[in-house]
Amino acid sequence: MKNQEYAIVDIETTGGNAGGSRITEIAIIIHNGTKVIDRWETLVNPQKEIPPAIFALTGINNEMVRNAPIFDDISEKVLEMLNDRIFVAHNVNFDYSFIRHQLEESGFKWTAQKLCTVRAARKIKSGLRSYSLGKLCHSLDIPLTNQHRAGGDADATAVLFSLLLECDLAGEIEKMIKKSSQDQRLPPNLPPADFQNLPDKPGVYYFHDQTRKVIYVGKAINLKKRVATHFSGHNVNQQRQNFLRDIHGITFEVCATELMALLLECAEIKKLWPAYNRALKRFDPKYGLYEYEARSGYRYLAVGKLAKFQSCTESFNSLYQGINVLQNLAQQFGIDHRFCKYGIEGHGEFLPTADATNLPEVEQHNQQVQDAIDFLVKQRSTFAILDKGRSPEERSCIWVEKGHFYGMGYIPSDIGFTDPSEIKDYVTPYKSNHYSLQLILTYAENHPSKVHFKQTP
């Protein structure tokens, strides 16, 4: 580290993400590991309006940047000051993403090793109440003037950096800037131990915000590898930048199999509705098969859209799937097509004033409808999927009861059962939904040797 130099950087911008916002001010301070040896700052014309909220925070308005250079004009100077130096900033990925993105737009390919003073301060000055630049400076008696301006914040960060170098008796900074260091890829507010504790096993992981609220749930075949993919790459999308800043902790639950991880992920998302998860609406059934009795006494079967919290005899992912099932039932049980509605206007409508001749006898027709419904119900089996456990001392179990996902859990390997229903004592109940049931049924069909205690109505 003796000959290593550092470029301490702070920027002001028109917004929070590099993809849709622009730099309005930049300050770069060169530090040789002992002292500051160079300093440069300038306003930048972002070539777009500065929002009022940003003006209120930084004091930089449209008039101030009107005659300032655009980024293309200063890009060579920026590159010259950054080249072959460690890129240092408070919440480093924010500043780095903007500068890298705008250098790319100016025609320069640039990457650098990074050092985050938030993460460095957490390691070297642990136990402080807050690591925001303003509160950190207050706690450590660092002068901070002209806050939320690039020059003022860069000067304070340079003093903080010098202090951290002096106090770094364990060599934490040297460890952090190694190319192999995971630290530089982690979100700024995530304790490294939370990531290091992740196992190389299947399971479900939870990202928490500052209040410990779950903001994202995911599943993985390998928890550590999957979580690491969230922090890799150079995505300047605003949602991703906000997402990374909001991650303050990770917890996890190991699952014995990928299927159990999928089911737990689905159940947890439905229960918690985390802010950054895409809702599983695309997996919910869109259509249902309904049965009702008209004033004439005739029973009808109809395929139609499935409303929230509405019950039906059978559910389908598509109208086409529902129509096929209803047509096959009508043919198999001899149901008059005039008493079937196929979810298409004018198709299968029974109008008493038209084609109302030669109607079937009511009781016979209604029994045919009942037989069709009974046939569907009888296909709803009760069974267990037994598979490997999290250790050799246990087996995993997924229990399906009368065509619904009942729950899952773990059974000691040395336990035998005389009554299959005893398995229910070992599983945790979960709310069934169409998506989870389809996952189980598909797995059971592809792995029949793991299906046990199958019962049909």
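The values are calculated or read from the model by the stated rules, or taken from the named source; none is laboratory data. Being a predicted model, the structure only gives us computed values, none of them experimental. Counting neighbours? That spans all protein chains shown, and the Cβs are built from the backbone with ideal geometry, glycine included. Please note that ligands, DNA and RNA were not included when accessible areas were found on the heavy atoms of the full protein model with its side chains. Shrake-Rupley method; radii C 1.70, N 1.55, O 1.52, S 1.80 Å.
Condition (residue is in contact with a helix residue (DSSP H, G or I) (Cβ under 7 Å, 6 or more places away or on another chain) and modelled with pLDDT of 85 or more) applied to the range 412-427: is it met by at least one residue? Give the steps one after another, and end with the answer.
So the first thing to find is which residues in the range 412-427 are in contact with a helix residue (DSSP H, G or I) (Cβ under 7 Å, 6 or more places away or on another chain), and the list is 417.
Keeping just the survivors that are modelled with pLDDT of 85 or more gives none.
No, there is no match, as no residue in the range 412-427 is in contact with a helix residue (DSSP H, G or I) (Cβ under 7 Å, 6 or more places away or on another chain) and modelled with pLDDT of 85 or more.
So is S106 touching a Phe, Trp or Tyr at 6+ places or on another chain (Cβ under 7 Å) and either over 17 Å from D153 (Cα atoms) or open to solvent by 20 Å² or more (accessible area, probe 1.4 Å) (or both) or not? Even if it seems obvious, please write down each step before you answer.
Values: touching a Phe, Trp or Tyr at 6+ places or on another chain (Cβ under 7 Å): yes; either over 17 Å from D153 (Cα atoms) or open to solvent by 20 Å² or more (accessible area, probe 1.4 Å) (or both): yes.
Yes; evaluated as a whole, the condition is true for this residue.
If you go through the range 16-27 and keep only what is open to solvent by less than 20 Å² (accessible area, probe 1.4 Å) and either on the phi > 0 side of the Ramachandran plot or in contact with a Lys or Arg (Cβ under 7 Å, 6 or more places away or on another chain) (or both), you end up with just E25. Each residue in the range 123-146 was checked for being farther than 24 Å from G171 by Cα and either in contact with a Gly (Cβ under 6 Å, 6 or more places away or on another chain) or open to solvent by less than 30 Å² (accessible area, probe 1.4 Å) (or both), and 3 pass. Would you check if N197 is at positive phi and polar (S, T, N, Q)? In short, no. Checked against the criterion of being at negative phi, more than 37 Å from the chain's Cα centre (by Cα), β-branched (V, I, T) and open to solvent by 30 Å² or more (accessible area, probe 1.4 Å), the candidates I30, I37, I70 yield just one match: I37.
Restricting the search to the range 99-133, which residues are under 28 Å from the mean Cα position of the chain (by Cα), closer than 19 Å to I30 by Cα and not small (G, A, S)? Residues satisfying the conditions are I99, R100, T111, Q113, K114, L115, C116, T117, V118.
Do we have F98 as open to solvent by less than 20 Å² (accessible area, probe 1.4 Å), within 17 Å of A18 (Cβ to Cβ), touching a residue at least 60 places away in the same chain (Cβ under 8 Å) and part of a helix (DSSP H, G or I) here? Lay out the reasoning, then the answer.
Details: open to solvent by less than 20 Å² (accessible area, probe 1.4 Å): yes; within 17 Å of A18 (Cβ to Cβ): yes; touching a residue at least 60 places away in the same chain (Cβ under 8 Å): yes; part of a helix (DSSP H, G or I): yes.
Spelling it out, F98 is indeed open to solvent by less than 20 Å² (accessible area, probe 1.4 Å), within 17 Å of A18 (Cβ to Cβ), touching a residue at least 60 places away in the same chain (Cβ under 8 Å) and part of a helix (DSSP H, G or I).
Would you confirm whether any residue within the range 194-209 is at pLDDT 90 or above, under 24 Å from R100 (Cα atoms) and either outside any helix (DSSP H, G or I) or of a type in the set (K, R) (or both)? Looking through the range 194-209, none of the residues is at pLDDT 90 or above, under 24 Å from R100 (Cα atoms) and either outside any helix (DSSP H, G or I) or of a type in the set (K, R) (or both).
Of L376, L386, all but one fail to be more than 23 Å from A267 (Cβ to Cβ) and touching a residue at least 40 places away in the same chain (Cβ under 8 Å); the exception is L376. For the range 364-406, which residues satisfy the criterion of being of a type in the set (A, V, I, L, M, F, W, C) and more than 23 Å from E293 (Cβ to Cβ)? If the condition is that a residue be of a type in the set (A, V, I, L, M, F, W, C) and more than 23 Å from E293 (Cβ to Cβ), then F383, A384, I385, L386, C397, I398, W399, V400, F405 are the ones that fit. Under the condition of being assigned to a helix (DSSP H, G or I) and either modelled with pLDDT under 95 or out of contact with any Asp or Glu (no Cβ under 8 Å at 6 or more places or on another chain) (or both), the residues counted in the range 73-95 number 13. Would you point out the residue of the range 43-67, among those that are open to solvent by 90 Å² or more (accessible area, probe 1.4 Å) and assigned to a helix (DSSP H, G or I), that is farthest from T13 (Cα to Cα)? Result: E63.
Filter the range 421-457 for residues that are among the aromatic types (F, W, Y) and in contact with a Phe, Trp or Tyr (Cβ under 9 Å, 6 or more places away or on another chain) and give the result. Steps first, answer last, please.
Residues of the range 421-457 among the aromatic types (F, W, Y): 426, 430, 435, 443, 453.
Once the filter is applied, which keeps residues that are among the aromatic types (F, W, Y) and in contact with a Phe, Trp or Tyr (Cβ under 9 Å, 6 or more places away or on another chain), the range 421-457 yields Y426, Y430, Y435, F453.
Residues considered: A120, A156. Of these, the only one that is hydrophobic (A, V, I, L, M, F, W, C), modelled with pLDDT of 95 or more, assigned to a helix (DSSP H, G or I) and surrounded by 14 or more Cβ atoms within 10 Å (Cβ to Cβ) is A156.
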